[in-house]
Amino acid sequence: YNVQSFVIREGEQVLSTARRTPSVGQFSGLDSSYQAQWYGFWLGLISEKNVDKHYFTLRSQFHFPEYYAEADWNLRSDFAHPKSFAHYASGSGISIKINYSYQIGKRLKLNASYHNERWQTRNGIDTIYFEDGDTASTRLNETNWKSSSLSIGIIVTTD
């Protein structure tokens, strides 16, 4: 289960057409939100190799999630609030983590790790909720999420 929550503020209009959209520049009142959930099962493998004071770990996970997201586009008066639209889709994802540790003392290790995730959905459903109670649905083409991190630290054990 993974959740992503966004709040969108401090808007700036970057494109404008005569008489159809607001002028280019900052505008006030933007307080929109978007929350996405990825949930489902996964299969994984872990491999460890220790040589003297060196510790290597490779962890891989293959995910098969369902995707659901809701948003509140607060400046759209024609949309319902707090739920302006919802997305539904099935997807897949992969997560890889590589970890290296070096023993520098009886209870102390230097540690470095790299973690990369890539998740995507196939075609799904995008449902818009209007302020008058009507709804409209169309195809959600795809959703993508990419994340990577690099960590360096010290591990202290108590045993």
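The values are calculated or read from the model by the stated rules, or taken from the named source; none is laboratory data. Source: prediction; values computed, not measured. Neighbour counts are summed over all protein chains in view; Cβ atoms, including those assigned to glycine, are modelled from backbone coordinates with ideal geometry. Side chains are part of the model used for accessible areas, which takes the heavy atoms of the whole protein and leaves out ligands, DNA and RNA. Shrake-Rupley method; radii C 1.70, N 1.55, O 1.52, S 1.80 Å.
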Mind listing whichever residues of segment 138-159 are within 16 Å of residue 115 (Cβ to Cβ), more than 20 Å from the chain's Cα centre (by Cα) and either of a type in the set (Phe, Trp, Tyr) or open to solvent by 80 Å² or more (accessible area, probe 1.4 Å) (or both)? 152
For segment 8-50, name all the residues that are open to solvent by 50 Å² or more (accessible area, probe 1.4 Å), modelled with pLDDT of 95 or more and either part of a loop (DSSP other than H, G, I, E, B) or within 19 Å of residue 75 (Cβ to Cβ) (or both). 35
For segment 69-88, check the following and say yes or no: at least one residue is more than 30 Å from residue 29 (Cβ to Cβ) and either among the basic types (Lys, Arg) or surrounded by 15 or more Cβ atoms within 10 Å (Cβ to Cβ) (or both). no
If you go through segment 51-63, how many residues are open to solvent by 90 Å² or more (accessible area, probe 1.4 Å) and not basic (Lys, Arg)? 2
Taking residue 102 and the conditions (1) among the aromatic types (Phe, Trp, Tyr); (2) open to solvent by 80 Å² or more (accessible area, probe 1.4 Å); (3) closer than 26 Å to residue 50 by Cβ, which numbered condition does it fall short on, given that it satisfies the others? (2)
